[in-house]
Amino acid sequence: MVVKRSKPRCSSSITHDIAVARALGGDVAVMLGGRIVEDGAAHAVLATPRHKYTRALIAADPAAWPTRPRGQTGREVIAAAGLSKRFGSRELFRGLDLALRAGERIAVTGPSGSGKSTLGNVLLGLLSSDEGGVRRQSDIDPVRDQKIYQEPSAAFAPGRIL
């Protein structure tokens, strides 16, 4: 989506973010396959899109997604208490506590190298913590939970990739 500000000092922006286009205001043009399929005032195009592709873009915006009621959570499947991990002099995390029940999700965010994957490896039992411990539900097979790599080829040993 191309957003053109209709102010004295005109500037243009290109975005895929509907909220940004809405916030910038001005005029917008929606492109598909290198051609403009719809354009006009941002408030009008975003409120009442005429083109099928524009409607699909707006429907794909997370702000347009329907809210769902929270599912029921079940028993605790994994818990960590006082986890700490360091590599050399670098401390990745210290005194970390968490619990996860069946049906719940936990998101871990942070910059590259902050310890997200290491935490996952400790929780999965692939790496030992320096302090603290992980408690898993005893009747769950220890290899049931697996990693999903952001880059799938990272799951293979170097030289095994064809």
In order through region 132-147: 3J(HN,Hα) via Karplus (6.51 cos²θ - 1.76 cosθ + 1.60), integer Hz, x for Gly, Pro: x, x, 10, 10, 10, 4, 5, 8, 9, 3, x, 9, 5, 8, 10, 7
Within the chain, longest stretch free of exposed chymotrypsin sites (Phe, Trp or Tyr not before Pro) [DSSP loop, at most 11 other beta carbons within 10 Å]: 1-148
For the chain, calculated [θ]222 nm from helices alone, where every DSSP H run of n ≥ 4 adds -39500 (n - 2.57): -5000 deg cm²/dmol
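Summarise the long-distance tail of P(r) for region 56-162 by giving the % of C-alpha pairs beyond 17 Å.
Details: 3754 of 5671 pairs.
Here the long-distance tail beyond 17 Å is 66 percent of all Cα pairs in region 56-162.
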Partners for LYS52 among aspartates and glutamates (Cα-Cα distance below 12 Å; same-chain residues under 8 apart left out): GLU38
Rg/Rg_globular for region 1-136, with Rg_globular taken as 2.2 N^0.38 Å and Rg from C-alpha atoms: 1.64
Length gained when the stretch ARG68-ARG90 is fully extended (0.36 nm per residue, less Cα-Cα span): 3.9 nm
Per-residue ³J(HN,Hα) for region 113-125, Karplus 6.51 cos²θ - 1.76 cosθ + 1.60, θ = phi - 60°, Hz, x for Gly and Pro: x, 7, x, 4, 5, 4, 4, x, 5, 5, 5, 7, x
Total formal charge among the other residues, if their Cβ is under 10 angstrom from that of ARG86, Lys/Arg +1 and Asp/Glu -1: 0
Listed residues GLY115, SER128, SER89: farthest to the positive end of the dipole of region 76-155 (Cβ charges): SER89
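A short reminder: the numbers here are calculations on the coordinates, not readings from a lab. Nothing here was measured: the structure is a model prediction, and the numbers come from that model. No Cβ is skipped: glycine too gets one built from the backbone with ideal geometry, and neighbour counts run over all protein chains shown.
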